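Note sheet for the following structure.
Readers should treat all values here as calculations from the given coordinates under stated rules, not as data from a laboratory. Fair warning: this is a prediction, and the values are worked out from it, not measured in the lab. All Cβ positions, even for glycine, are placed from backbone atoms using ideal geometry, and neighbour counts span all protein chains on display.
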């Protein structure tokens, strides 16, 4: 009797152990599946985010498209080639201390060349803006190949009128520009001279695209 009871107890204990092993194994498999699902979800989210970032960067590159990086056009002047964020010597007057300085009634011309060295025709646009805290009265006009395209012999324009859209450029061509400027007399000139240290900064933007592309409206 004792032997039979012991065998029953052993069988029961063995059955419980087997049940525990099965339960633990089932739980382990369940948690392993959950971890795999979580890992796959993280990888999928990472891929989606990478695609979104790539798309945004591509759109941004199109929005800030500049010819100096793509080499669609080249811009040069007498003293240097233009690159992105290039400083140019638009106001070429210097005083004895080597500082750039202009004054009422002063005028000048800055010439530059836009070259299309590609094998395709292009379109480009030109615009100017300034940082002019003291309201210095500087006017402009622009020549293309010795012909006025903004302003004329008798008329100067404010900087907000210095804009050209969709200028056509043939392949393997060069276009010569002459940017003329003049500080016209105004009522605040005396006040500017009294205060001194007036600064005037000009920004010139030139964007290009190949024929058939649509990078701006």
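Could you work out how much longer the chain between residue 188 and residue 45 gets when fully extended? Use 0.36 nm per residue separation minus the Cα distance between them, nm to one decimal. Mind dumping the intermediate values first?
Numbers: separation 143, 0.36 × 143 = 51.48 nm, distance 6.04 nm.
Here the segment from residue 188 to residue 45 would lengthen by 45.4 nm.
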Would you list 128, 144 from fewest to most Cβ contacts within 10 Å?
144, 128
Rg/Rh over Cα atoms for segment 107-190, Kirkwood Rh, comes to 1.05
In nm, to one decimal, how far is the modelled label at residue 78 from the one at residue 111, with both set 7 Å along Cα→Cβ?
0.7 nm
What is the distance, in nm, between label points placed 7 Å from the Cα along the Cα-to-Cβ direction at residue 174 and at residue 121?
2.2 nm
